[in-house]
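K.L.:
Let me give you the structure first, and then I'll get to my questions.
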Amino acid sequence: MAPELWSLYAVMLKSRLLEEAIAKLWHDGLISGEMHLGTGEEAIIAGVVPQLREGDAMALDHRGTAALLMRGVDPVLIVRELLGRPDGLCGGMGGHMHLFSRAHLAASSGIVGAEGPNAAGFALAAQFLRPGAISVAFFGEGAMNQGMLMESLNLSSIWSLPVLFVCKDDGWAITTQSERVTGGDLNERARGLGVPAVEVDGCDPAEVWEAAQIAIECARSGQGPTFLHARCMHLEGHFLGFQLLRMMRKPLREMPRIAAPLTRSFLRRGGAAWGERAAGLKQVLAAGPSIQRDPRRDPANDPIRRARNTLRSDPVRLKEVEDQAQEEIDRVVASALAEVAS
Ligand SMILES: Cc1ncc(C[n+]2csc(CCOP(=O)(O)OP(=O)(O)O)c2C)c(N)n1
């Protein structure tokens, strides 16, 4: 059975606050490069990771911060890593897409789909070296169109590897809507390879927990892999500063910035025929209304806000939990920003 919502909320909230603090550091210019947050995925991660035991492994994608935090990796080391400091988790050389903790058997990768082979490899090793241990792969639905993930599902099935494949489906791969590039149904695809598939609400940590618990027990007892399909929203879009979301949040500020280059390219001499240009322009302009209907605008799709709504009936306890989480994350950030000890 899943733990009570209070403890799941506390875990999810800490992760959210840590990622919000990371976003602030990024906006302040202290973290360089792209930054993919996992805000919106917390219920999926909280429903799986706290169930892992010593000796279990995690193969993570480019949104690995929440899973590492929930697995017990020191968040100060994570933040220092993102800052590129030599005292970071990977000596400041990995950055947010290549976070790695040997002690926790956890590795992330920026190669979409690599979580499949990584998790299958961990699981194959576990079969020989740590019987009863399992591995978990977290990846987006875009990764399901990578051959190596299909190969990993297939081998895990045929070798009964102890893997839990968790597909965090937000419907988008950067700016491509997944339904435009994905044939068939993902659960059926996994089943076609002999891997049982379970559909869960990725905003409900208890539902994820219960499905993951059954899958983890199956894997530990030698009954092979399970595919968990959980829908969610990435509240910050693909990465921080995502243009579509900037337009959605501040249309008056953003639209004029794109209006001039759009007009220039529309009127430029040479290039595509006028009909094609007009069709392209129509598509761009249609993005406006579709942004207004974007499900990321609906608070019901934010797992933290959803859990909070339920817990609001006990405001005193809620404040206590929230204050404690905030204080903890404030301490993490202060400690991560402290000077490198000489
Ligand atoms: C093999 C490979 N191809 C392309 C990319 C570029 N890329 C980075 S993230 C991404 C989209 C991935 O979408 P999805 O798997 O759904 O994960 P999400 O970002 O939505 O969490 C792509 C195509 C990559 N990193 N690796």
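K.L.:
Please find, among 53, 85, 80, the residue that is over 26 Å from residue 1 (Cβ atoms), charged (D, E, K, R) and either without any contact (Cβ under 8 Å) to a residue 40 or more places away in the chain or part of a loop (DSSP other than H, G, I, E, B) (or both).
P.N.:
Of 53, 85, 80, the one residue that is over 26 Å from residue 1 (Cβ atoms), charged (D, E, K, R) and either without any contact (Cβ under 8 Å) to a residue 40 or more places away in the chain or part of a loop (DSSP other than H, G, I, E, B) (or both) is 85.
K.L.:
Which of the residues spanning the stretch 56-74 are in contact with a helix residue (DSSP H, G or I) (Cβ under 8 Å, 6 or more places away or on another chain) and either free of Cβ contacts under 8 Å to residues at least 60 places away in the same chain or in a helix (DSSP H, G or I) (or both)?
P.N.:
Scanning the stretch 56-74 gives 65, 66, 67, 68, 69, 70, 71.
K.L.:
Right, something else. Answer yes or no as to whether residue 310 is out of contact with any helix residue (DSSP H, G or I) (no Cβ under 9 Å at 6 or more places or on another chain), open to solvent by 60 Å² or more (accessible area, probe 1.4 Å) and either more than 19 Å from residue 205 (Cβ to Cβ) or at pLDDT 85 or above (or both).
P.N.:
Considered against the rule, which asks whether it is out of contact with any helix residue (DSSP H, G or I) (no Cβ under 9 Å at 6 or more places or on another chain), open to solvent by 60 Å² or more (accessible area, probe 1.4 Å) and either more than 19 Å from residue 205 (Cβ to Cβ) or at pLDDT 85 or above (or both), residue 310 comes out as no.
K.L.:
If you go through the stretch 8-15 one residue at a time, do you hit one that is under 13 Å from the mean Cα position of the chain (by Cα), surrounded by 24 or more Cβ atoms within 10 Å (Cβ to Cβ) and closer than 29 Å to residue 133 by Cα?
P.N.:
yes
K.L.:
Considering only residues of the stretch 110-131 that are of a type in the set (Gly, Ala, Ser) and away from the ligand (no atom under 15 Å from the Cβ), which is surrounded by the fewest Cβ atoms within 10 Å (Cβ to Cβ)?
P.N.:
125
K.L.:
Ok, one more. Taking residue 158 and the conditions (1) closer than 23 Å to residue 208 by Cβ; (2) modelled with pLDDT of 95 or more; (3) out of contact with any strand residue (DSSP E or B) (no Cβ under 6 Å at 6 or more places or on another chain), which numbered condition does it fall short on, given that it satisfies the others?
P.N.:
All conditions are met except number (1).
K.L.:
Continuing with the same structure: Hey, residue 174 hits all of (1) within 12 Å of the ligand (Cβ to nearest atom); (2) open to solvent by less than 60 Å² (accessible area, probe 1.4 Å); (3) closer than 27 Å to residue 246 by Cα but one; which does it fall short on?
P.N.:
Tallying (1) within 12 Å of the ligand (Cβ to nearest atom); (2) open to solvent by less than 60 Å² (accessible area, probe 1.4 Å); (3) closer than 27 Å to residue 246 by Cα, residue 174 fails exactly one: (2).
K.L.:
In the stretch 32-50, what residues are crowded, with 24+ Cβ neighbours inside 10 Å and under 15 Å from residue 4 (Cα atoms)?
P.N.:
43, 46, 47, 48, listed by residue number.
K.L.:
Another question, then. How many residues does the stretch 134-161 hold that are open to solvent by 10 Å² or more (accessible area, probe 1.4 Å) and more than 8 Å from the ligand (Cβ to nearest atom)?
P.N.:
Here the count works out to 11.
K.L.:
I would also like to ask the following. From the list 230, 206, 190, which one is out of contact with any Gly (no Cβ under 8 Å at 6 or more places or on another chain) and touching a residue at least 12 places away in the same chain (Cβ under 8 Å)?
P.N.:
Exactly one of 230, 206, 190 is out of contact with any Gly (no Cβ under 8 Å at 6 or more places or on another chain) and touching a residue at least 12 places away in the same chain (Cβ under 8 Å), namely 190.
K.L.:
Here's another thing I want to ask about it. Those residues that are among the charged types (D, E, K, R), crowded, with 23+ Cβ neighbours inside 10 Å and over 22 Å from residue 305 (Cβ atoms), I need them from the stretch 51-72; list them, please.
P.N.:
Those that are among the charged types (D, E, K, R), crowded, with 23+ Cβ neighbours inside 10 Å and over 22 Å from residue 305 (Cβ atoms): 56, 61.
K.L.:
For residue 43, work out the one condition from (1) modelled with pLDDT under 95; (2) more than 28 Å from residue 93 (Cβ to Cβ) it doesn't fulfil.
P.N.:
(1)
K.L.:
Looking for something within 15 Å of residue 164 (Cβ to Cβ), away from the ligand (no atom under 16 Å from the Cβ) and buried (at least 17 other Cβ atoms within 10 Å of the Cβ) - is there at least one such residue anywhere in the stretch 99-109?
P.N.:
Scanning the stretch 99-109, I find at least one residue that is within 15 Å of residue 164 (Cβ to Cβ), away from the ligand (no atom under 16 Å from the Cβ) and buried (at least 17 other Cβ atoms within 10 Å of the Cβ), so the answer is yes.
K.L.:
Can you find even one residue in the stretch 151-164 that is among the small types (Gly, Ala, Ser) and either within 27 Å of residue 300 (Cα to Cα) or touching a His at 6+ places or on another chain (Cβ under 9 Å) (or both)?
P.N.:
No, there is no match, as no residue in the stretch 151-164 is among the small types (Gly, Ala, Ser) and either within 27 Å of residue 300 (Cα to Cα) or touching a His at 6+ places or on another chain (Cβ under 9 Å) (or both).
K.L.:
For residue 199, are the conditions met, namely being under 18 Å from the mean Cα position of the chain (by Cα), over 16 Å from residue 40 (Cα atoms) and at pLDDT 95 or above?
P.N.:
Yes, satisfied.
The values are calculated or read from the model by the stated rules, or taken from the named source; none is laboratory data. Everything numeric in this text was worked out from a predicted model, so none of it was measured. Heads up, the Cβs are rebuilt from the backbone with ideal geometry, glycines too, and the neighbour counts pull from every protein chain shown. Note: areas computed on protein heavy atoms with side chains; ligands, DNA, RNA excluded. Shrake-Rupley method; radii C 1.70, N 1.55, O 1.52, S 1.80 Å.
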